[in-house]
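Reading through the structure tokens given below for one structure.
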Amino acid sequence: MTRKLTPVFPGPRTARGAVLAVLLSNADQTGAEPLRGRVTLAAIVRALKRKYHWPIETASFPSNGPDGRATWATVYSLPEDVIAAAFDDRGRDWLLAAR
């Protein structure tokens, strides 16, 4: 039996908080340059999923790089019901603190 864990809000002024704020705003978070040194967006998303229990969805698709080479693009998002539940909890206040 798999136990469903309640998502936890990270510190609002952290890199994890910044990424979660974008996801809660219902905007897609796409691949980006590494954040704060060697921490990548993928590493932050992985932490939000594993440590903070956010059910972030990942979709990858073929794309063209700036130099014309084929590459993969990744889009991260949260399901609508998760966003609604977060705002019903304390998400609105947390999001205001994250800005």
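The values are calculated or read from the model by the stated rules, or taken from the named source; none is laboratory data. A quick note: this is a predicted structure, and the numbers were derived from the prediction, not measured. For neighbour counting, all protein chains shown are included, and Cβ atoms are generated from backbone atoms with ideal geometry for every residue, glycine included.
What the table shows:
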{"read-out": "In region 20-40, the residues that are at pLDDT below 90, in contact with a helix residue (DSSP H, G or I) (Cβ under 7 Å, 6 or more places away or on another chain) and at negative phi", "value": "Gln29, Gly31, Ala32, Leu35, Val39"}
{"read-out": "When residues of region 76-99 are limited to those that are in a helix (DSSP H, G or I) and of a type in the set (Phe, Trp, Tyr), the one farthest from Ala15 (Cα to Cα)", "value": "Phe87"}
{"read-out": "Enumeration of residues in region 36-72 that are part of a loop (DSSP other than H, G, I, E, B) and under 11 Å from Leu23 (Cβ atoms)", "value": "Trp54, Pro55, Ile56"}
